[in-house]
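Heads up, the thing below is written out as structure tokens.
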């Protein structure tokens, strides 16, 4: 039975083989309660003209990311899997502006985020597997700032649209603990090519600047899980910890309507900034043959 569990997991997926001559499928869902320390956090902590000694306060709320899992066994040693997670984050920031007096700027952010992984898995040994994959990562951030510009024509907003894609390579280990119970460890490295579009908007009808950043991201995507197989139902339950770390290198920035004197809407430097996700991951998988 441990052999069945050892075939099930591709990063967060376990491959179960019930018949060598049948088409073996696994379908299910995953839930990730994830903390996020975003690579753009530093810019929201920037303090403009702060001569008053006040601090900038930034808060990112935790959230649930949820999505489907599907995997297909290809012969005795290969399997192909895919999963997607989706969720919405909220963040807030208070900045202090000093220019003849102290005034606060209140910023609220709504972020929609999703990840998709497509993974080809090779089971080299009973409890060891290697995998190669492709990751797509997206988020859309809408920010509204109030405070200094609360007088007509009103607050201004901005939108960040980020799209990333790239390969990953890793190794998975299955450690049997009992007949239907195992520990699963997956370690992988990833590279992502990222484009960030940063656009400002004003109710006044002005033509504010916009920026397009090209970034390279390098990092890891690791997980440690406990898996329990219920043979009567062909269901596998997984719970564990997942951690993703990315470090960005800025390759290029293109500026439109750029004004060097505009301290609110200057271009950002994402070089060496870090993007970190971590939290508890729970998955349920149902296995069947057709």
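A simple spin-label model places the labels of residue 59 and residue 35 1.6 nm from each other, with each point 7 Å out along Cα-to-Cβ.
On full extension, the segment bounded by residue 74 and residue 187 gains 38.4 nm, given 0.36 nm per residue less the C-alpha separation.
Each of 183, 60 was scored by other Cβ atoms within 10 Å of its Cβ. Listed from fewest to most, they are 183, 60.
A simple spin-label model places the labels of residue 280 and residue 165 3.6 nm from each other, with each point 7 Å out along Cα-to-Cβ.
When each of 159, 41 is scored by the number of other beta-carbon atoms lying within 10 Å, the sequence from fewest to most is 159, 41. Once the Cα-Cα distance is subtracted from the 0.36 nm per residue extended length, the residue 116 to residue 241 segment shows a gain of 43.2 nm. Between residue 234 and residue 290, the modelled label-to-label distance comes to 1.2 nm, taking each label 7 Å out from Cα in the direction of the beta carbon.
Coordinate-derived values only; no laboratory data. In this text, all values refer to a predicted model and were calculated from it rather than measured experimentally. Please note: Cβ atoms are built from the backbone with ideal geometry, for glycine as well, and neighbour counts cover all protein chains shown.
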